[in-house]
Amino acid sequence: MDNRTKTEEAGFTPASRIAAIGVSKILQIGARAAAMKKDGLPVIILGAGEPDFDTPDNVKAAAKAAIDRGETKYTALDGTPELKKAISEKFRRENDVDYALDEITVATGAKQILFNAFMATIDPGDEVIIPTPYWTSYSDIVEICGGVPVLIPCDAEAGFRLKAEQLERAITPKTRWVLFNSPSNPSGAAYGEANYRPLLDVLLRHPHVWLMVDDMYEHIVYDGFRFVTPVAIEPRLKSRALTINGVSKAYAMTGWRIGYAGGPKALIKAMAVIQSQATSCPSSVSQAASVEALTGPQDFLKDRQASFKHRRDLVVSALNAIPGLACRTPEGAFYTFAGCAGVIGKVTPKGRRIEADSDFTDYLLEDAHVAVVPGSAFGLSPYFRISYATSEAELTEALKRIADACAKLA
Ligand SMILES: Cc1ncc(COP(=O)(O)O)c(C=O)c1O
């Protein structure tokens with residue numbers, strides 16, 4: 001895998017299940033940028049996958065109150081009844097989907113939900129269809145679990161969305177899951193009801209294929225985009241669907257580590273078996289905080305959305321003004337995924353030829369001191385991802401540096 005550093009070092013051989021997997025390119029770039037910053041270089045890091053807002057005060061207060069009440073012990077294996085009730089109400093209120101408490105699971109982040117789900121369902125050689133570009137963890141987790149990621153390229157022209165014909169062609173007798181992430185990390189593209197409908201029709205014709213959806217960025221959408229989760233569009237798929245969500249992005253709670261999902265009882269039970277031997281339960285204090293996040297005031301979400309939209313517009317228009325780059329306007333999340341085909345083949349002032357998007361992002365880091373992530377890290381080239389969850393002043397400066405760096409290419 002070209003976007004990975006192998007974990008093998010002298011004297012140590014990792015288990016075969018992780019032999020091809022290493023530290024993600026995103027973390028490598030982040031570490032390199034942080035080291036450069038420590039050396040005094042004015043590096044701007046546009047790589048972070050987390051909101052730059054603080055966790056709301058009412059949520060922090062709920063956590064403190066839980067500690068004072070002594071809620072500091074193990075909880076029920078896959079979530080407290082209070083949190084499951086809050087999640088069930090959230091699914092009904094915001095998504096128009098009914099999940100009973102025994103159809104809900106809570107884990108240490110949506111990442112652990114994915115891990116539990118794949119561990120509980122994938123046998124060696126089982127295939128998981130992943131529209132590409134994809135969040136890097138999807139394919140890595142599938143591989144760790146012994147599955148085969150089936151990566152289907154969906155470029156900017158296709159709106160970074162999978163088409164029904166592509167899905168139909170990718171399904172084999174070995175297909176276990178298809179995984180949708182809307183709005184998407186890294187592309188920011190989202191599936192509206194009209195985009196989902198033909199894909200769900202394909203799934204109706206293939207009853208052995210299960211549907212996994214990652215709705216993590218549900219609350220970060222723009223321009224009146226109407227978020228909808230697939231099970232609400234097609235209830236006939238509910239008996240073989242897992243609807244994943246979490247508090248990390250919407251409530252700026254990435255460090256609290258709470259993710260959750262709704263799905264059929266048997267799957268939820270199987271996922272609990274994995275969790276019971278991995279973490280025993282999610283953090284008690286974080287669960288209490290998440291109850292408040294989901295049941296407390298929600299109006300601040302709109303303000304945060306407006307702030308992200310302002311920054312999205314700034315980044316998209318600045319990128320599109322740079323010759324050689326092209327950026328589709330994303331419907332949601334806090335990322336842009338701009339094409340950089342126009343700079344491939346050009347030569348940097350130091351005489352290095354840009355052969356791939358990773359050469360371009362290396363050039364931006366070394367010469368412009370701006371850290372962004374190449375499309376290759378997300379399975380699609382030539383593109384690069386900017387996370388605009390940072391201050392407007394930093395974004396403006398970073399975009400000016402990117403423009404200057406591009407102008408210096410010959
Ligand atoms: C698409 C997507 N899903 C899930 C996650 C994981 O979220 P959590 O913090 O709940 O593990 C992320 C985090 O970057 C993400 O981008």
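Things worth noting here:
- Count - residues of the stretch 233-248 that are crowded, with 24+ Cβ neighbours inside 10 Å and within 16 Å of the ligand (Cβ to nearest atom): 6
- Summed over the stretch 39-61, residues that are assigned to a helix (DSSP H, G or I) and at pLDDT below 95 total 0.
- Being of a type outside the set (D, E) and either farther than 24 Å from G109 by Cβ or more than 26 Å from the chain's Cα centre (by Cα) (or both) is a property that does not hold for L27.
- Here is the figure for the stretch 287-331: residues that are more than 26 Å from I87 (Cβ to Cβ) and not aliphatic (A, V, I, L, M) total 14.
- Scope the stretch 190-199; condition touching a strand residue (DSSP E or B) at 6+ places or on another chain (Cβ under 8 Å) and of a type outside the set (F, W, Y); matching residues: A190, L199
- Enumeration of residues in the stretch 361-410 that are under 13 Å from V315 (Cβ atoms) and assigned to a strand (DSSP E or B): V370, F384, R385, I386, S387
- On the stretch given as the stretch 339-351, residues that are surrounded by fewer than 24 Cβ atoms within 10 Å (Cβ to Cβ) and in contact with a helix residue (DSSP H, G or I) (Cβ under 7 Å, 6 or more places away or on another chain) total 3.
- Residue under evaluation E82, criteria (1) in a helix (DSSP H, G or I); (2) assigned by the TED database to the domain that holds K249; (3) within 25 Å of the chain's Cα centre (by Cα), criterion not met: (3)
- Strands (runs of 3 or more DSSP E) fully within the stretch 112-185 counting 1 or more residues that are touching a helix residue (DSSP H, G or I) at 6+ places or on another chain (Cβ under 9 Å), within 12 Å of the ligand (Cβ to nearest atom) and under 21 Å from T243 (Cβ atoms): 127-132, 175-181
- Within the stretch 84-109, residues that are basic (K, R) have Cβ atoms under 7 Å from residues that are within 16 Å of the ligand (Cβ to nearest atom) in these pairs: K84/I104; K84/V106; K90/L294, counting only partners at least 6 apart in sequence or on another chain.
- In the stretch 253-298, residue surrounded by the most Cβ atoms within 10 Å (Cβ to Cβ) [restricted to those that are of a type in the set (S, T, N, Q) and touching a Leu at 6+ places or on another chain (Cβ under 9 Å)]: S290
- Of all the residues in the stretch 317-332, those that are in contact with a Cys (Cβ under 6 Å, 6 or more places away or on another chain), over 14 Å from P382 (Cβ atoms) and not in a helix (DSSP H, G or I) number 1.
- If you check L237, L242 for being in contact with a Phe, Trp or Tyr (Cβ under 8 Å, 6 or more places away or on another chain), hydrophobic (A, V, I, L, M, F, W, C) and not in a loop (DSSP other than H, G, I, E, B), only one passes: L242.
- Qualifying residue in the stretch 299-310 (condition: among the aromatic types (F, W, Y) and not in a helix (DSSP H, G or I)): no
The values are calculated or read from the model by the stated rules, or taken from the named source; none is laboratory data. All values derive from a computational prediction rather than experimental measurement. Because the Cβ atoms are built from the backbone with ideal geometry, glycine has one as well, and the counts that use them run over all protein chains shown.
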